[in-house]
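Coordinate-derived values only; no laboratory data. On a predicted model such as this, the values are computed, not experimentally measured, just so you know. Cβ placement follows ideal geometry from the backbone for every residue including glycine, while neighbour counts extend to all protein chains displayed.
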Amino acid sequence: MRMRSLSAAQATVFPSRSATDLTLSPTTLGMFGLSPAFLTPLQLSVDPIWFVVVAVVVFGLGAIIAPLVALALRKTRSPTPAKRDQLDRLVADGYAPGRVHVDGDADRVEVSLRGPPGRRSLLLSTAVFDAIDESTATALLAAELARGRYLYLEYRALAAASVIGLATGMFGGLVSFADGLFLIAVAALGLFWAGRRLQFAADRAAAGQVGSEALAAAFETVAARRGVDPEPATWRTWFEVQPPLGQRIARLRDRS
């Protein structure tokens with residue numbers, strides 16, 4: 001009898017090795033001085049909406065900060081006093097960002113703004129000063145500075161981050177897969193359409209300073225120096241926030 005009682009106790013404390021699950025009853029836990037709450041798993045619940053927020057913020061900031069990081073890694077220099085005076089003459093509205101970086105590339109024409117509003121940096125290649133005529137340089141500067149005033153750079157990052165956020169919400173289970181694809185398609189078409197309208201508005205503002213024909217000719221000059229043909233609008237344009245250069249030139253020519 002004592003052997004049977006001992007076997008029963010062992011079976012209670014040490015279940016069979018062939019068992020799939022280890023289930024400890026309150027009586028068994030009491031034998032070890034443990035309460036059932038001791039084995040309650042620690043669960044951390046995170047609302048999927050936070051994943052969406054983090055994805056949007058990280059992607060949006062990355063789209064703005066990454067060009068600044070790339071600029072910091074490039075070998076540039078500040079403009080000489082003579083180049084700064086020349087730049088002041090080239091800017092149509094008399095304004096240029098205080099932070100100007102000059103790249104030593106004498107062949108490639110590059111005019112681009114980097115950084116958020118209030119912290120803009122203007123990147124120029126040496127070719128802007130030495131390889132193209134002043135009217136072309138003035139038109140290119142007017143176009144890029146207009147994009148900055150219209151916050152096109154920030155809108156482009158916001159539009160892309162919004163689409164990424166919707167995709168994150170879909171995969172996070174906030175919406176069904178079918179509804180998520182529909183929302184992404186509708187949002188992308190709407191946001192990208194608005195982005196193209198914003199770019200056209202910036203082009204009109206620049207054309208108001210230097211003339212539509214002068215701006216169109218400047219775009220063609222840069223394309224020719226790069227050995228590319230300005231592409232017209234196609235069905236793919238619906239899925240792009242940046243309108244193709246050929247479409248921008250055509251719209252400027254329609255205005256002139």
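A few notes on this one:
- Each Lys or Arg adds one and each Asp or Glu subtracts one; over the other residues with Cβ under 12 Å from the Cβ of SER212, this totals +2.
- Estimated FRET transfer efficiency when R0 is 41 angstrom, pair ASP88-VAL54 (beta carbons, to 0.05): 0.45
- Bridges between two residues of the range 48-255, per DSSP, are antiparallel at a rate of about 55%.
- With a simple spin-label model that places each label point 7 Å from the Cα along the Cα-to-Cβ direction, the separation between ARG149 and TRP235 comes to 3.9 nm.
- Under Karplus coefficients 6.51, -1.76 and 1.60, residue-wise ³J(HN,Hα) of the range 172-177 in Hz, glycine/proline x: x, x, 5, 9, 5, 4
- Magnitude of the charge dipole for the range 48-255, about its Cα centre and with charges confined to Cβ atoms of Lys, Arg (+1) and Asp, Glu (-1), is about 400 debye.
- Neighbour-count order for TRP238, TRP193, fewest beta carbons within 10 angstrom listed first: TRP238, TRP193
- Comparing ALA167, ALA185, VAL58 along the charge dipole axis of the range 48-255, the residue lying farthest to the positive side is VAL58, per the Cβ-charge model.
- Magnitude of the charge dipole, the range 63-135, Cβ model with Lys/Arg +1 and Asp/Glu -1, debye to 20: 500
- Sorting TYR155, TYR95 by the number of Cβ atoms found within 10 Å of their own Cβ, with the fewest placed first, yields TYR95, TYR155.
- Sorted by Cβ neighbour density within 10 Å, fewest at the top, the residues LYS75, LYS83: LYS75, LYS83
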